[in-house]
Amino acid sequence: HPLDSLKLRNPGKMTDSNQIRIRPEREGNTQAIDLVISVAFANAEHSDHNEHHIVRGLRKANCLSISLVAEDEATHAIVGHVAVSPVNISDGSEDWCGLGPIAVLPQYQGRGVGSLLMERALANLQARHSAGCVVLGNPKYYMRFGFRPDPSLRLQGVPPEYFMALTWRKPTPTGTVSYHHAFELFA
């Protein structure tokens, strides 16, 4: 896949090769993924710091539709992760997913690693003929990938400008979105 291995923007002094490879999670990666997520969210102001528990819960329930890691090719260290899981929409629409959490180690942030993970996850969803994807987060970041706030889709307790959708198959559903219960257990 063309996004498997790309040069990083602003590589600085990270590695000799400055190469990041995006690949599916493998058995044996769970501890490294937990660490990346924990460290990435350690200082996040809108976090309960339970994101790694959410990913574990999704994995245990076999509800990780997509689980990709960013691997530094020079060190073989996992430096980023993105999870995608199915969501339910109250109108009964099918084939919708929720993206997140997405995490990148602080020393790799601002260098395009998160963008590589996002682009690959979205490409995988499109290849699977998903109807659409929702995300909760910073509009400035996620709108770069085509996400837009959509008043027809709601996430309870969340200001609408922070809950966005990307629709590949029309019509866009109308209703309340609910994530897997792993998100509620650790909220």
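The values are calculated or read from the model by the stated rules, or taken from the named source; none is laboratory data. As the structure is a computational prediction, the values presented were derived from the model and not from experiment. Virtual Cβ from ideal backbone geometry, glycine too; neighbours counted across all protein chains shown.
Points worth noting:
Let's see how each residue does on (1) assigned to a loop (DSSP other than H, G, I, E, B); (2) among the aliphatic types (A, V, I, L, M); (3) touching a helix residue (DSSP H, G or I) at 6+ places or on another chain (Cβ under 8 Å); (4) surrounded by 14 or more Cβ atoms within 10 Å (Cβ to Cβ):
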| residue | (1), (2), (3), (4) |
| --- | --- |
| V134 | no, yes, no, yes |
| K140 | no, no, no, no |
| E161 | no, no, yes, no |
| M164 | no, yes, yes, yes |
| P171 | yes, no, no, no |
| T176 | no, no, no, no |
| E184 | no, no, no, no |
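- Of all residues in segment 68-105, those that are touching a Lys or Arg at 6+ places or on another chain (Cβ under 7 Å) and not aliphatic (A, V, I, L, M) total 2.
- Residue that is modelled with the lowest pLDDT [pool: residues in segment 127-145 that are among the small types (G, A, S) and under 23 Å from E51 (Cβ atoms)]: G137
- Residues being touching a residue at least 60 places away in the same chain (Cβ under 8 Å), of a type in the set (G, A, S), closer than 29 Å to I20 by Cβ and in contact with a Leu (Cβ under 7 Å, 6 or more places away or on another chain) are represented in segment 180-187 by at least one member.
- Test: residue in segment 94-102 that is in contact with a Phe, Trp or Tyr (Cβ under 7 Å, 6 or more places away or on another chain), surrounded by 21 or more Cβ atoms within 10 Å (Cβ to Cβ) and under 21 Å from G137 (Cβ atoms): yes
- Taking segment 142-159 as the range and being surrounded by fewer than 16 Cβ atoms within 10 Å (Cβ to Cβ) and either hydrophobic (A, V, I, L, M, F, W, C) or part of a loop (DSSP other than H, G, I, E, B) (or both) as the test, the residues that pass are M143, G146, P151, S152, Q156, G157, V158, P159.
- Pairs are defined by a Cβ separation below 9 Å, a sequence spacing of at least 6 or placement on different chains, a first member in segment 19-30 that is surrounded by 15 or more Cβ atoms within 10 Å (Cβ to Cβ), and a second member that is basic (K, R) and not in a helix (DSSP H, G or I); the pairs so defined are Q19/K7; I20/K7; I20/R111.
- Test: residue in segment 71-86 that is within 16 Å of the chain's Cα centre (by Cα) and more than 22 Å from I20 (Cα to Cα): yes
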